[in-house]
Amino acid sequence: MNDRVSDWSAPARQLADDERTNAEQPLSTDRITLAWRQRLQTLPAHEQHDAAALARELRSLRRWLIATLAWRDLAHDAPLVEIESAMTHFASLAIDALLPALVTDAERRMGRPLDADGQPIDLLVIGMGKLGAGELNVSSDIDLVLAIPCNGQAIQPGADTDHDALEFHAHVADRLATLLRTEVGRDFVFRVDTRLRPFGDVGPRVITLDALEHYFMAHGRFWERCAWLKARVVNAPVSMSAPAFSAACQRLDEMRQAFVFRRYTDYTTIDGLRDLAARIGEQRRAAQLKARATAAFGDADVKLGRGGIREIEFIAQGLAITHGGRNPWLRIPATRTLLTRLASSGRLDAEHAGFLDRAYVLLRRIEHAVQYVADRQTHAIPPEDAHRAQLAELMGFESLAAFDDALGTMRSRVAQLFDLILPAPLAARSTQLGTRTGETPSRILTWLTAANRESETTQRKLEAVLSAFDDRFAQDDAGNEAFTRAARLAQTIMKRRTYLDLLIAHPPVMDRVARLVQASPFAADYLTRHPILLDELIDPRIGSRGIDWTGFDAELDAQLGGELDTERHMNVLRDAHHAQVLRILALDLEGATPVEAISDELSLLADRLLARALDCAWRALKIDSPRPALAVLGYGRLGAKEMGYASDLDLVLVSDGAPDEVERLTRWAQRLQSWLSLATTSGRLFEVDLRLRPDGNAGLLVTPRSAFERYHETSALWEKQALTRARFVTGDAALGDWFETWRRRTLGAERDAAEVVREVSAMRRRVLEGHPNKTPDFDLKHDPGGLVDMEFAVQAMVLAHASRHPDLLENVGTLALAGRLGTHGLVPAALADAAREGYRTLRGLQHVLRLRGAEVARMAPAEADRHRSAIRAFVAACGLAFPEAR
């Protein structure tokens with residue numbers, strides 16, 4: 001291998017034998033820093049602060065660095081991350097080494113620049129592109145933008161003229177760029193490119209942060225958003241204090257993020273990246289024609305060619321800019337990390353992400369290999385078979401043919417994924433979308449009329465979307481109803497054109513929207529109320545697999561991390577809730593998941609969001625003391641794990657009851673209510689009902705444990721009936737254990753069965769009177785023989801018999817408890833099984849009717865007779881006297 005490396009790389013051949021031995025050790029950032037310090041120590045004292053002398057030593061250090069990396073990389077000893085980290089660290093080291101000397105020299109001649117408060121002003125060296133992303137290759141130039149926090153005066157006593165901070169730092173910046181790029185022999189530190197600054201070559205060399213912010217708002221273009229995705233300050237302070245310099249960097253990063261990312265999902269990114277890629281391709285082809293550069297084996301440029309590095313970067317950048325506005329976890333510049341996070345968050349297929357990562361590594365290794373030949377900034381594979389055969393061997397391939405075949409296949413697939421993930425612009429997709437050249441159908445024209453005040457672009461895109469929906473729905477009553485629901489969604493989203501762009505750019509998303517809208521008016525209404533959910537439909541796995549709770553937890557916790565931002569974090573919880581409900585809904589509409597499993601998923605979702613809301617509510621109080629013990633108890637649908645899509649939360653809050661904690665606990669509970677039920681720009685999280693607490697609305701918001709126990713010593717039987725569907729949800733685990741123990745003890749107490757029958761029957765009559773049904777149809781929930789009959793019957797049997805059958809105390813739901821009643825012989829097993837089947841069927845029918853948009857689940861009595869009869873027989877077997885008619 002040593003001979004092959006020496007034959008290939010001129011820099012590697014210059015490495016001395018002892019240095020080649022040392023090249024076996026990883027090139028960590030600490031090792032590079034140590035090598036620099038050792039060089040500094042050999043310099044005379046007067047040269048240690050001389051910029052020209054420092055640049056000379058940096059050129060020497062780079063020569064050693066490139067040679068060492070060549071040996072390690074070509075011998076397959078260094079992973080890609082080591083190469084990128086070493087070069088990026090060296091760039092920052094070089095800038096930090098030169099800046100103090102340059103600033104000191106400029107101060108001697110121009111004075112020290114100070115702001116209005118008399119504090120020094122430092123230069124912010126902003127690394128763009130691969131430097132900003134920490135991905136420098138071995139022969140990269142470095143793209144820099146130079147800024148200062150604010151302008152000020154650099155006053156030099158006795159001088160004829162004063163200079164402002166912009167002039168001062170422009171001088172420093174010019175000297176820095178010159179020293180970095182100056183070649184001596186064939187050595188240099190870095191080639192420098194400053195053309196990414198505002199207004200390019202004609203713009204000021206150094207700009208204040210205020211001016212930069214104004215440029216972003218008034219002149220920033222799409223390609224600059226892509227460029228600033230990878231921007232970061234790469235130098236350390238020289239004259240400013242560390243806190244002041246850090247504050248300036250923080251302000252810059254906030255400006256950058258506001259410019260790069262939108263608060264919504266931004267699908268205009270797709271066409272922008274496509275246009276940018278097309279321009280780069282045209283420039284590359286023009287350069288190839290000018291140079292008469294062709295390659296018989298395919299596109300030689302592994303960076304800019306089709307299926308090359310740039311297309312992988314564009315995929316990652318495009319998805320990051322598209323979704324990073326809503327998901328800060330995706331606001332990172334490093335390509336490989338971003339691919340991993342996009343897969344974890346469901347924005348990129350995991351298999352695609354893994355392939356793109358492997359392709360990126362190979363292409364970057366090839367790029368580095370051709371740059372090691374003569375330390376030139378090239379991205380072209382050599383056209384000569386002999387040289388390419390050498391490269392194939394260094395890359396670990398058995399033959400040139402195997403290398404060419406593998407590379408060609410891989411790049412073809414990268415190009416295919418680029419076309420799939422970043423589809424062609426609207427004009428190229430009009431036929432696929434359904435845009436027509438003939439007469440526009442009347443049902444499209446009806447909805448286009450509502451957009452006559454919108455821009456021509458919006459109208460054109462709306463027509464394309466409506467035409468696509470028109471193609472997907474039949475010209476019959478059901479099809480017209482589905483089209484109306486879809487058109488109402490399109491009309492809602494046209495005010496934010498980016499959602500039209502999404503549907504236009506992703507025909508599979510259009511297909512999924514059409515299926516949801518056709519299958520369920522509820523789903524159509526849900527999407528219309530929350531159009532931000534459309535981007536969830538990009539994930540091809542939606543509806544076809546179970547719910548990924550591990551990924552949900554990781555992404556949600558990442559978004560809720562850092563300093564609390566009440567408005568943003570409230571919206572994070574609401575957006576996460578809506579997105580997960582849509583995933584559950586899509587799974588539901590596939591028809592293979594029983595309603596009990598759907599309820600379990602919705603209950604799990606409520607549990608998780610309650611836990612996060614409780615934590616955020618405490619953080620929002622900003623109390624510098626340990627959290628007091630508080631338990632959140634769920635009753636009703638939440639307690640029984642039978643949540644529906646529109647269920648509210650019946651909650652009771654219990655504390656340990658320390659007197660000095662009452663005020664804090666009350667404030668915490670009030671804040672929790674706000675986090676759950678306050679309407680923000682993303683809507684409400686849940687409607688909350690706290691009336692089941694002791695003494696109802698007249699009681700304390702947070703009940704001390706001792707008071708809770710005392711209250712239930714004399715509470716009515718209906719309140720103990722509510723405990724059959726109660727459980728600890730979140731909060732203090734010790735309090736949760738206490739509640740579960742207390743609940744079992746309370747429900748398991750001996751009771752007079754006749755009294756239970758009498759009181760539960762009376763409560764059932766009151767509930768029926770509170771839900772009158774004046775239609776001839778059967779109300780699946782409230783009418784005699786419906787769901788409430790079955791639930792009340794099971795609850796009555798738990799209260800009457802749990803003292804002798806402890807397994808009835810487990811909160812396992814109505815169906816399972818009814819089965820246990822049959823097992824214990826408390827009702828005939830055959831009756832229990834028939835009633836369970838009837839209950840399950842009615843719940844499923846109720847669920848289907850709700851999905852079809854019914855506000856109340858009712859149906860013709862004859863269609864439910866068998867199931868009603870089974871439940872009525874079960875009620876009678878329990879000895880209960882429930883109403884037999886309305």
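The values are calculated or read from the model by the stated rules, or taken from the named source; none is laboratory data. Here the structure is a predicted model, which means the values were calculated and not measured. For neighbour counting, all protein chains shown are included, and Cβ atoms are generated from backbone atoms with ideal geometry for every residue, glycine included. Protein only, heavy atoms only, side chains kept; ligands, DNA and RNA dropped before computing areas. Shrake-Rupley method; radii C 1.70, N 1.55, O 1.52, S 1.80 Å.
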Dipole of the chain, positive end: most advanced residue of Gly200, Leu685, Gly305 [Cβ charges, Cα centre]
Leu685
Suppose each label sits 7 Å from its Cα in the direction of the beta carbon; what would the Asp511-Asp174 distance come out to in nanometres?
6.1 nm
Please list, by residue number, every one of the trypsin sites (Lys or Arg not before Pro) in the range 685-771 that is coil in DSSP and has at most 14 other beta-carbon atoms within 10 Å.
Arg691
Taking the Cα centroid of the range 116-194 and of the range 599-676, what is the distance between the two, rounded to the nearest whole Å?
53 Å
Karplus-derived HN-Hα couplings along the range 198-203 (A = 6.51, B = -1.76, C = 1.60, θ = phi - 60°), whole Hz, x at Gly and Pro:
x, 6, x, 4, 8, x
Using θ = phi - 60° and the Karplus form 6.51 cos²θ - 1.76 cosθ + 1.60, what ³J(HN,Hα) does each residue of the range 324-341 get, whole Hz, x for Gly and Pro?
x, x, 9, 10, x, 4, 9, 8, 10, x, 5, 4, 5, 4, 5, 4, 5, 5
Please give the calculated 222 nm ellipticity per residue for the chain, where each DSSP H segment of at least 4 residues contributes -39500 (n - 2.57) and the sum is spread over every residue; nearest 500 deg cm²/dmol?
-19000 deg cm²/dmol
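Using only Cα atoms, figure out Rg for the range 434-564 and give it as a multiple of 2.2 N^0.38 Å. Walk me through the numbers before you get to the answer.
Details: Rg = 16.5 Å, N = 131, 2.2 N^0.38 = 14.0 Å.
Its radius of gyration relative to the 2.2 N^0.38 Å reference: 1.18.
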Amide H to amide H, which residues 5 or more places from Thr703 or on other chains are under 5 Å from it, using H placed in the peptide plane?
Leu653, Val654, Ser655
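Dipole size in debye (nearest 20) for the chain around its Cα centre, Lys and Arg Cβ +1, Asp and Glu Cβ -1? Let's see the in-between values first.
Working: 111 positive and 122 negative charges, 274 e Å.
In debye, rounded to 20, the chain gives about 1320.
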Check which residues have an amide H placed less than 5 Å from Leu649's amide H, if you skip close sequence neighbours.
Glu687, Val688, Asp689
Normalised contact order of the chain, rounded percent, pairs of Cα under 8 Å and 6 or more residues apart
8 percent
Normalised per residue, the volume inside the convex hull of the alpha-carbon atoms of the range 844-886 in Å³ amounts to 90 Å³
Using a 1.4 Å probe on the protein heavy atoms, what percent of the accessible area of the chain belongs to carbon and sulfur?
50 percent
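Please label the shape of the range 618-734 as rounded, prolate or oblate, based on the square roots a ≥ b ≥ c of the eigenvalues of the alpha-carbon gyration tensor (a/c under 1.5 means rounded; beyond that, a/b larger than b/c means prolate, else oblate). Please list the in-between numbers first.
Values: a/c = 1.86, a/b = 1.05, b/c = 1.78.
Because a/c hits 1.5 or more and a/b fails to exceed b/c, the range 618-734 counts as oblate.
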Under a 5 Å amide H to amide H cut-off, with H placed in plane at 1.01 Å, what residues pair with Asp732 once short-range neighbours are removed?
Leu630, Ala631, Val632
What do you get for chymotrypsin sites (Phe, Trp or Tyr not before Pro) in the range 173-240 restricted to DSSP loop and a cutoff of at most 16 other Cβ within 10 Å of the site's Cβ?
Phe199
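As an exercise, take the mean of 1/r over every pair of distinct alpha carbons in the range 698-821, invert it, and state the Kirkwood radius in angstroms.
On the way: mean 1/r = 0.0627 Å⁻¹.
Computed over the range 698-821, the radius equals 16.0 Å.
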Lysines whose Cα lies under 21 Å from that of Lys303, excluding same-chain neighbours fewer than 8 positions away
Lys130, Lys230, Lys290
Given a Förster radius of 51 Å and the C-beta distance between Asn697 and Thr823 as r, what FRET efficiency does 1/(1 + (r/R0)^6) yield to the nearest 0.05?
0.80
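Ranked from highest to lowest mean number of other Cβ atoms within 10 Å per residue, what is the order of the peptides 82-92, 523-533?
In decreasing order of mean packing, 82-92, 523-533 become 82-92, 523-533.
Please report the equivalent ellipsoid semi-axes of the range 352-420, computed as sqrt(5 x eigenvalue) of the Cα gyration tensor, largest first, in whole Å. Mind dumping the intermediate values first?
On the way: eigenvalues 94, 41, 22 Å².
Taking √(5λ) for each Cα gyration eigenvalue gives 22, 14, 10 Å.
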Express the relative contact order of the range 51-197 as a whole percentage, based on alpha carbon pairs under 8 Å and six or more residues apart in sequence.
28 percent
Can you work out the base-10 log of I(q)/I(0) for the chain at q = 0.07, 0.08 1/Å, using the Debye formula on its C-alpha atoms alone?
-0.75, -0.91
Provide the per-residue ³J(HN,Hα) series for the range 106-118, in order, calculated from phi with Karplus coefficients 6.51, -1.76, 1.60 and θ = phi - 60°, each as a whole number of Hz, with x at glycine and proline positions.
5, 5, 4, 9, 10, x, 8, x, 10, 7, 5, 9, x
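Averaging sequence separations of C-alpha pairs under 8 Å and six or more residues apart, then dividing by the length of the range 312-425, give the relative contact order as a whole percent.
That works out to 21 percent.
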